[in-house]
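Notes for the one structure printed next.
The values are calculated or read from the model by the stated rules, or taken from the named source; none is laboratory data. The shown structure was predicted, so the numbers you read here are calculated from the model rather than taken from an experiment. Note: ideal-geometry Cβ built from the backbone for every residue, glycine included; neighbour counts use all protein chains shown. SASA here: full protein model, heavy atoms, side chains in, ligands and nucleic acids out. Shrake-Rupley method; radii C 1.70, N 1.55, O 1.52, S 1.80 Å.
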Amino acid sequence: MSTTIERDDTTYEIGELLPHLPLRDVVVFPHMIVPLLVGRPASVAALHDAMEHDRLIFVTAQHSPDVSEPRLDDIYRMGTAARILQLLRLPDGTLKVLLRGVVRARLSRLVPDGALVRAKLQVLADVDPDSPGVEALQLNAAGQFAEYVHHNKRVPDEVLMSVVSIEDPSIFADTIAAHVIAKVGVKK
């Protein structure tokens, strides 16, 4: 079974079983483009598998970056199905990958598959912009984010200007979450 998602004039068929990429100290949100360096063998295998198929991979953050072979209890259950935009092998054997988050999903279990691990996941629906109270919540969040930017000099004012212009409530919320400076456990 798969879920059809429309993003940026592209249609994605997100299967319920995707190669899994656990991340150390990084949370990838839908609509976000992020560069990563990947070197763990299972992660490299997951990226190669995704490239051979539909370029889709499921990314989740680890509780602790010190765990080299994370199991289900070592990772957060909320993650993002992402599309591989670019993959480059570096001279030392690690991979540099550019991902675009597509949709939020919940991990139900990990399935070992040879050299890689697959994630069984459930795609989660975006917020319906016509739901009662969404507009008021978005206005409130914009005000709070403006205050956050005012007090936190590490977030440029230009970020605030771009965030408040976002109309889609899901993209708005994910963009704010991506710019809040916090530990992985808070962002997850």
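In region 153-188, of all residues being under 20 Å from the mean Cα position of the chain (by Cα) and among the basic types (Lys, Arg), the one that is modelled with the lowest pLDDT corresponds to Lys188. Every condition in (1) in contact (Cβ under 8 Å) with a residue 60 or more places away in the chain; (2) small (Gly, Ala, Ser); (3) in a helix (DSSP H, G or I) is met by Gly143 except one, and the failing one is (1).
Scanning region 74-86 for residues being open to solvent by 50 Å² or more (accessible area, probe 1.4 Å) and either more than 19 Å from the chain's Cα centre (by Cα) or in contact (Cβ under 8 Å) with a residue 24 or more places away in the chain (or both) gives a total of 4. Quick check: anything in region 103-114 in a helix (DSSP H, G or I) and under 20 Å from the mean Cα position of the chain (by Cα)? No, the conditions are met nowhere in region 103-114.
Listed by first and then second residue, the pairs linking a residue in region 10-32 that is within 21 Å of Ala178 (Cβ to Cβ) and open to solvent by 10 Å² or more (accessible area, probe 1.4 Å) to a residue that is at pLDDT 90 or above and part of a loop (DSSP other than H, G, I, E, B), with Cβ atoms under 7 Å apart and 6 or more places separating them unless they lie on different chains, are Pro22/Pro70; Arg24/Pro65; Asp25/Pro65.
Matching residues to (1) among the acidic types (Asp, Glu); (2) loosely packed, with under 11 Cβ neighbours inside 10 Å:
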residue	(1), (2)
Pro132	no, yes
Arg154	no, yes
Leu160	no, no
Asp168	yes, no
Val186	no, yes
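Filtering region 99-128 to residues that are open to solvent by 50 Å² or more (accessible area, probe 1.4 Å) and within 14 Å of Val28 (Cβ to Cβ) leaves Arg100, Arg104.
Which residue is surrounded by the most Cβ atoms within 10 Å (Cβ to Cβ), if the candidates are limited to region 52-73 and must be farther than 16 Å from Leu121 by Cβ and free of Cβ contacts under 8 Å to residues at least 24 places away in the same chain? If we take residues in region 52-73 being farther than 16 Å from Leu121 by Cβ and free of Cβ contacts under 8 Å to residues at least 24 places away in the same chain, then Val67 is surrounded by the most Cβ atoms within 10 Å (Cβ to Cβ).
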